[in-house]
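For reference, the structure discussed in these notes is given below.
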Amino acid sequence: MELWPCLAAALLLLLLLVQLSRAAEFYAKVALYCALCFTVSAVASLVCLLRHGGRTVENMSIISWFVRSFKYFYGLRFEVRDPRRLQEARPCVIVSNHQSILDMMGLMEVLPERCVQIAKRELLFLGPVGLIMYLGGVFFINRQRSSTAMTVMADLGERMVRENVSAIVPVVYSPFSSFYNTRKKFFTSGTVTVQVLEAIPTSGLTVADVPALVDTCHRAMRTTFLHISKTPQENGATAGSGVQPAQ
């Protein structure tokens, strides 16, 4: 039996399943997202190597351009509020809430120039994805020693105090649950609100002040998350409360 007729039949069957099943459509879109991540990472890695020759934070502008194009495949829009706060606070550390695999797109919408990111060390071994993160100057941390988000924030706070970084800028994404839900298996188009909060100053603080600093940051992010969670979405409904802000 010829190969191409088999592939064509499999493709038609897949398209039929996508049309008939919401779950099939969900998994197809997630699979496409993962395929985009790996394919774009490979292409972007080549561009970064040709442009800058190796690992440098300058590559992040190239990576950001590629990732921002993902939203057009899914009909997503990002409404960034108060973006000037990221330009005013220098040098700073950006802390954002985590919800799903789509977080990366939201971050790239607000990422300033020459911004270093933090990611768990396991991502370094994800083939072209790990390579492009390495080339972008991402700082990898061992989550086995920092098992919770609060612990990571505390470690980060201590490092900021030691290195005299002037501010933390919290960034909060509105819930994705009105258009992306892994439990109900739907993935549609939608709008994400990206709220940039006021910078939290760290000048003059000591390591003893870190717990209070982390608590202040967490409270500000949680309050903002709960506020924008109540904002009506495009379909007229309010986003569900099942998504939790950074903890």
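The values are calculated or read from the model by the stated rules, or taken from the named source; none is laboratory data. All figures in this text were calculated on a predicted structure; none of them were measured in a lab. Positions of Cβ are backbone-derived with ideal geometry, glycine not excepted, and every protein chain shown enters the neighbour counts. Only protein heavy atoms, including side chains, enter the accessible area calculation; ligands, DNA and RNA are left aside. Shrake-Rupley method; radii C 1.70, N 1.55, O 1.52, S 1.80 Å.
Net charge within 11 Å of residue 187 by Cβ-Cβ distance, Lys/Arg positive one each and Asp/Glu negative one each, not counting residue 187 itself?
Here the charged neighbours net out to +3.
Just how large is the dipole of the range 21-126 about the Cα centre, in debye to the nearest 20, putting +1 at every Lys and Arg Cβ and -1 at every Asp and Glu Cβ?
Using Cβ point charges on Lys, Arg, Asp and Glu, the range 21-126 gives about 40 debye.
How much accessible surface area, in Å² rounded to 10, belongs to the heavy atoms of residue 131 with a 1.4 Å probe?
80 Å²
On a 1.4 Å probe surface of the protein chains, which of 118, 228, 94 comes out largest in accessible area, and what is the full order?
These residues rank, largest area first, as 118, 94, 228.
Where the only charges are on Cβ atoms (+1 Lys, Arg; -1 Asp, Glu), what is the dipole of the range 20-230 about its Cα centre, to the nearest 20 debye?
Here the size comes out at about 560 debye.
Accessible area, 1.4 Å probe, largest first: how do 22, 55, 68 sort?
22, 55, 68
Would you list 222, 51 from the most to the least accessible area, probe 1.4 Å?
Largest to smallest exposure gives the sequence 51, 222.
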